[in-house]
Each structure stands twice: as structure tokens, then as C-alpha cells.
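The values are calculated or read from the model by the stated rules, or taken from the named source; none is laboratory data. As the structure is a computational prediction, the values presented were derived from the model and not from experiment. Glycine gets a Cβ as well: all are built from the backbone with ideal geometry, and neighbour counts include every protein chain shown. What goes into the accessible areas is simple: the full protein's heavy atoms, side chains included, and nothing from ligands, DNA or RNA. Shrake-Rupley method; radii C 1.70, N 1.55, O 1.52, S 1.80 Å.
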Amino acid sequence: MVFLHMIDLEISNSFYNSLPKDSIEDNYTRQVNNAAYSLATPLSFPKSRLIHISDLATELGFTEKQIQSPEFLNLFTGQHPYPETKSYAMAYAGHQFGNWAGQLGDGRAINLFEIIHNKNRWAFQLKGAGPTPYSRSGDGLAVLRSSIREHLCSEAMHHLGIPTTRSLSLSLSGEEVLRDMLYDGNAAYEKGAIVCRVAPSFIRFGNFELAAATSDTDLLKNLADYTITTFFTDIKSTGKDAYLQFFKKVTDRTLEMIMHWQRVGFVHGVMNTDNMSILGLTIDYGPYGWLEPYDHGWTPNTTDSQFKRYRYGAQPEIGLWNLLQLANSLFPLIKDAAPLQDILDSYKTNYQVQYLELMMNKIGIYHAHNQDRDLIQSLEEHLHLHETDMTIFYRELSKIHIETSLDNAFAIISVAFYNRKHLSDLHKDAWIRWLKDYLARLQFDVEQSVIDNIAFAKARTKKMNAINPKYVLRNYISQLVIEDAEKGDYKLLNQIYTMLQNPYEEQPEYIKWYALRPEWARSKVGCSKLSCSS
Ligand code: AMP
Ligand code: MG
């Protein structure tokens with residue numbers, strides 16, 4: 001056992017200690033029965049090197065001296081285990097693209113340990129540190145491009161106020177990894193990388209689905225009881241009632257997470273049930289993307305280009321479909337379909353209410369009016385008329401006030417249009433009509449308000465800008481970061497990471513990233529198209 005001098009953690013391995021371990025301890029690919037996890041040790045990466053450490057390190061209490069120490073590198077690239085801990089891979093199953101896929105599991109994620117810091121539980125997991133019993137035909141490794149995307153985006157989402165798994169560190173593994181990026185027979189070697197992900201728990205809907213599908217009711221009950229007593233501590237009852245309360249909370253959290261995605265234009269890309277966190281965290285950053293032109297039908301994932309199951313506009317509905325799979329899995333513990341159905345129905349009702357509220361907040365109207373649904377529906381139709389940048393549109397909209405003339409209002413929003421020169425007169429007239437209704441609607445809000453016009457306008461801009469980000473991780477920005485990093489230049493990575501820590505602030509020093517997607521990125525791989533190869 002390696003003794004660590006610099007880093008002293010309050011270890012609390014609740015998952016490992018509470019749930020059944022696979023009785024086979026060797027690390028080879030197999031079907032695993034009656035277990036929640038299997039032991040798995042990271043490969044040795046003697047040439048590994050840290051290239052970025054997020055602020056999470058400081059949040060978790062690591063000092064600068066510890067972060068700089070070889071122990072930190074060795075721990076978070078899996079080179080040395082923490083004393084008296086054993087690393088492991090979780091067993092889970094899932095529905096992929098609507099079809100039952102059977103056992104999946106952590107094929108390239110290895111869990112190190114859990115700690116308690118300031119009374120909060122954090123589990124540490126390496127992604128890309130080598131194969132596990134769940135690797136099937138995969139190598140358990142990850143490439144630099146996808147690891148940069150995961151590291152940057154998880155931290156960006158956190159700073160946008162969106163529930164997510166976090167990323168502590170990004171390292172080069174020092175090894176090369178063979179990948180066929182476009183699945184077109186042109187495999188090539190790429191730099192390997194390891195991300196250290198951190199979350200209270202990495203349990204997914206799929207963990208429950210595996211237990212249910214193998215009719216292992218003991219494991220299912222164990223998993224549910226463990227999850228409730230560790231993470232849903234306000235549930236005080238037991239038995240059927242506790243499981244129903246649990247399902248209701250997961251349902252509410254899932255909807256809350258997806259509403260945040262809709263708010264900022266995040267498209268997950270692979271909402272398979274194995275990629276749905278039981279804690280309602282955004283998890284598994286693969287071929288995700290950010291809406292640039294507003295388009296309900298858009299998905300960045302080329303693997304999904306035929307049916308676009310996971311397109312932006314379908315995310316709320318897919319959340320419900322995934323919850324239905326979870327309900328089916330929990331059924332053996334509840335044995336009563338009606339209350340489960342009621343909870344699923346509550347998702348639909350809450351979605352309607354929350355979507356209206358979200359859109360009202362996004363466009364800065366606050367006093368309910370019976371025309372609001374129409375105004376919003378009409379806005380969405382208008383946003384589809386001509387390519388309009390989602391982020392820029394909502395951010396600019398906060399500059400429109402009741403005194404703004406129609407011409408000025410149109411000039412304000414038109415910076416969000418792609419190919420502005422080609423905007424037809426028909427579309428321009430349509431927008432003018434919408435803006436007229438919008439200005440009238442703002443007038444209604446002002447009349448309900450007790451403060452004067454100037455104070456009202458100021459407060460409204462501030463409120464709108466607190467939920468409509470100025471900076472998001474546009475796909476082409478990630479691509480530029482990746483191209484530099486592949487050449488060993490991490491300046492842009494650092495810059496973009498810093499910018500995304502304050503996504504709602506004006507940050508004039510980063511203004512060049514508040515711009516329409518450049519034309520070269522329209523169809524470039526990595527910018528508008530991403531495969532699952534990672
Ligand atoms: P994903 O689509 O990334 O959520 O992955 C689906 C399943 O494939 C999960 O069980 C992953 O652990 C597994 N997987 C993905 N990539 C690899 C890889 N390179 N090696 C082993 N397993 C992998
Ligand atoms: Mg996954």
C-alpha cells in the first residue's frame with residue numbers, strides 16, 4: 001500500500017460498502033450477475049500529465065501545494081490508489097435510442113473513492129483509465145478531444161447553474177488511442193486523456209433497470225434503499241411510500257434539469273437511460289452541442305441523424321420516456337401502477353406550467369396575461385423563419401424597452417440573424433408585427449409595476465441577463481480549443497474555461513466569443529457534427 005503524505009481525505013465509501021460486489025475479482029469482459037459493481041484497476045500511465053485543473057479542486061479543499069504535488073497527479077490519473085480503497089466499475093443496463101441494450105456498465109469509468117467534504121459527499125471517477133469487466137469490445141480509453149469537451153462543458157454547466165457532474169482534472173494519458181472518428185474506416189491514432197469526474201453519485205436509471213431486468217429484487221431493493229438513505233434523506237417513510245416519494249423526486253429533478261437545458265440551448269445528444277443520473281445531474285458529455293440557429297429539430301449527434309430522437313425540441317418528451325423505463329424498473333418494489341402513472345402525469349402538467357414560466361422569464365415578461373402563450377408560440381415560429389442565433393437573440397432582447405421604436409427594436413434583434421442580407425421582406429415584416437405585440441406586452445407589465453419606467457427597464461434587463469447567458473461553449477469554440485491542445489498549446493483552453501466561469505457577465509475582454517458562429521464552422525466535423533466516437 002502506498003502511503004500518501006500530502007493528501008489526507010475523509011474517505012467514506014458508501015456505494016462500495018453498502019452494495020453487493022461481483023464475486024469475480026479479475027478484470028475481464030463478462031456478464032456480471034447479482035452485483036452492483038466489479039473491481040477494476042486503472043492501467044498504468046507512467047507518462048501521464050495534468051493539463052488542466054478546475055476550481056473544483058479548491059472547492060474541495062485541496063491546497064495549491066497539494067495540487068502541485070506528484071501525489072495529486074498519481075491519484076487522479078489512477079497511478080496510485082488512495083490507502084485502503086479499492087477502485088471499481090458500476091454495473092448498469094439501459095435503453096439506447098429507444099431499444100433495450102441489456103448490460104452496459106462502466107466500460108471506461110473507474111470509481112476511485114468517495115469523500116466527505118464540508119458535510120457533502122463526493123465520488124471520484126476516472127474516465128478513460130482503462131478497461132473494466134463492462135468494456136465489451138471497447139478499450140476503456142478516451143481521446144483528448146472528447147475529454148476536453150467533457151471537462152470544459154461540465155464546469156461550464158455548473159457555472160450556468162445547471163445540475164451536473166463536475167470535472168476536477170484533465171490529463172494526458174501519455175498513450176495513443178486508435179479511433180475511427182467518423183466511422184468511415186479511417187481509424188487514426190489520437191492523444192489519450194483521462195478526466196477525473198466528481199459527483200455525489202454516478203448512479204443512473206440504468207443501475208435500477210439492470211436489477212429489474214435480471215429479476216434481482218434484492219439488488220433492486222438494496223439500490224433503492226441505499227440511494228434514498230444516502231441522497232434523499234428527507235424521505236422519512238419506508239416501503240412502498242418511500243419508493244413512490246423517491247420516484248416523484250427523481251421525476252421532478254429530471255424535469256428541472258431538462259428545463260435548464262432548454263433555457264440555455266444545450267442538446268445532450270445521447271439521452272439513453274444509462275446516461276440519466278438518478279440525482280438529476282447532467283451526465284456523460286459525448287456528442288452534445290449548443291443551439292446556434294434556433295431549431296427544435298437540431299441534434300449534434302451524427303449517430304442520431306436519421307430519426308433525430310434526441311433533438312433539442314424532443315428532450316422534455318424523452319425525459320418522460322426515460323422516467324417511464326425507471327417506473328417499470330421500480331414497479332417490483334411498489335406493485336401498484338396507478339400512483340406511478342400519476343407521477344408521470346405530473347411531469348406533463350408541470351412541464352406545461354414550467355415551460356410557460358421559463359419562456360416568460362426569457363423574454364422578460366412577468367405579470368401573467370391571457371395572450372402570453374400565443375405571444376410565445378408566435379416567437380418560436382418566428383425564430384424558425386430565418387436562422388437566428390439563440391444565445392444572441394435572448395441576450396439582445398433585454399435591450400428592448402417600451403420607449404424603443406419598432407425600427408430600433410428590429411435593429412437590436414437583427415444582430416442575431418445569420419445571413420442578414422438574405423432576410424426576406426416577408427420575414428422582416430413578420431418580425432416587425434411580433435415586435436409590435438411584444439412592445440405592447442411590455443407596456444402592460446410596466447402598467448402593473450409600481451416603479452418608474454427607467455428603474456423598471458433596468459431591473460428587467462438585469463433579471464433577463466441573469467438567466468440568458470452571454471457566453472456558452474459553442475461547438476466551434478470547443479473545436480478551436482481542441483485543435484490548439486492537440487498541438488500542445490493550452491492557452492485557449494485556459495481562456496475559455498475562465499470565460500465560462502461567469503457566463504452571465506458582460507466580460508468585455510471576451511467579446512469576440514459573443515458572436516455568430518463563423519461560416520467555416522457550419523458543416524465542419526466537431527462543430528456541427530459529432531459522432532459517438534470518443
Ligand atoms: P456512452 O454512449 O458513451 O454513454 O456509452 C455506452 C456504453 O459503452 C457504456 O457502457 C460505456 O461505458 C461504454 N463505452 C463507451 N466507450 C467505451 C470505450 N472506449 N471502452 C469501453 N467501453 C466504452
Ligand atoms: Mg454513458
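Below, the figures for the structure above:
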read-out: Signed unit charges on C-beta, dipole axis of region 441-502, positive-most listed residue Val450, Gly488, Met499; value: Val450
read-out: Violating pairs (Cα-Cα greater than 26 angstrom) within the set Lys308/Lys428; Lys119/Lys491; Lys421/Lys491; Lys65/Lys491; Lys463/Lys512; Lys47/Lys491; value: Lys308/Lys428; Lys119/Lys491; Lys421/Lys491
read-out: Probe 1.4 Å - accessible area at Ile402, Å² to nearest ten; value: 50
read-out: Relative frequency of Cα-Cα separations exceeding 33 Å in the chain, percent; value: 43
read-out: Three-way shape call for region 2-205 based on the alpha-carbon gyration tensor, with the a/c threshold at 1.5; value: rounded
read-out: Under 5 Å, built H, 5+ apart or other chain: amide partners of Ser167; value: Glu155, Val198
read-out: Contact order relative to length of region 2-205, as percent, for alpha carbon pairs under 8 angstrom and 6 or more apart; value: 23
read-out: Gyration tensor verdict on region 1-48 (Cα atoms; rounded if a/c is under 1.5, prolate if a/b is larger than b/c, oblate otherwise); value: oblate
read-out: Residue order for Met360, Met464 - accessible surface, 1.4 angstrom probe, largest first; value: Met360, Met464
read-out: Relative contact order for region 175-235, counting Cα pairs under 8 Å that sit 6 or more residues apart, in percent; value: 18
read-out: Solvent-accessible surface (1.4 angstrom probe) belonging to Tyr514, in square angstrom, nearest 10; value: 30
read-out: Heavy-atom surface of region 216-361, accessible at 1.4 Å and reported per residue (Å²); value: 36
read-out: Projected label distance in nm at Ser18 and Trp520, using a 7 Å step from Cα toward the beta-carbon; value: 5.1
read-out: Fraction of beta bridges assigned by DSSP in the chain that are antiparallel (%, nearest 5); value: 90
read-out: FRET E, pair Val446, Lys512, Förster distance 45 Å, beta-carbon r, rounded to 0.05; value: 0.80
read-out: Equivalent ellipsoid semi-axes - Cα gyration tensor, region 46-95, angstrom; value: 24, 15, 13
read-out: The chain - mean residue ellipticity at 222 nm from DSSP helices (-39,500 (n - 2.57) per run, n ≥ 4, rounded to 500); value: -13500 deg cm²/dmol
read-out: Calculated SAXS-style log₁₀ I(q)/I(0) at q = 0.13, 0.19, 0.21 Å⁻¹ - region 109-237, Debye, Cα scatterers; value: -0.70, -1.19, -1.28
read-out: Lys47-Ile116 FRET efficiency (beta carbon distance; Förster radius 25 Å; 0.05 resolution); value: 0.15
read-out: For region 203-349: Kirkwood Rh in Å [reciprocal of mean 1/r, alpha carbons]; value: 15.8
read-out: Whole-number percent relative contact order across the chain, with pairs defined as alpha carbons under 8 Å at least 6 apart; value: 14
read-out: Accessible area (Å², per residue) of region 475-521, counting only protein heavy atoms and a probe of 1.4 Å; value: 48
read-out: The chain, accessible surface, carbon-and-sulfur percent (1.4 angstrom probe); value: 52
read-out: Most to least packed among 198-208, 409-419, 386-396, 19-29 [average Cβ atoms within 10 Å]; value: 198-208, 386-396, 409-419, 19-29
read-out: Three semi-axes of the equivalent ellipsoid, region 475-521, Cα gyration tensor, whole Å, largest first; value: 19, 15, 7
read-out: Computed magnitude of the charge dipole of region 1-80 (debye, nearest 20; Cβ of K, R +1, Cβ of D, E -1); value: 300
read-out: Separation of alpha-carbon centers, region 422-485 and region 366-414, rounded to whole Å; value: 6
read-out: Dipole of the chain [Lys/Arg +1, Asp/Glu -1 at C-beta], most positive-end residue of Gln352, Cys196, Ser531; value: Ser531
read-out: For Glu150, solvent-accessible area (1.4 Å; no DNA, RNA or ligand), Å²; value: 10
read-out: Protection proxy ranking, peptides 426-436, 92-102, 68-78, average beta carbon neighbours within 10 Å, highest first; value: 68-78, 92-102, 426-436
read-out: Per-pair calculated FRET efficiency, R0 = 51 Å: Asp336 and Glu176 via Cβ, rounded to 0.05; value: 0.40
read-out: Region 20-154, accessible area per residue, ligands and nucleic acids excluded (1.4 Å, Å²); value: 40
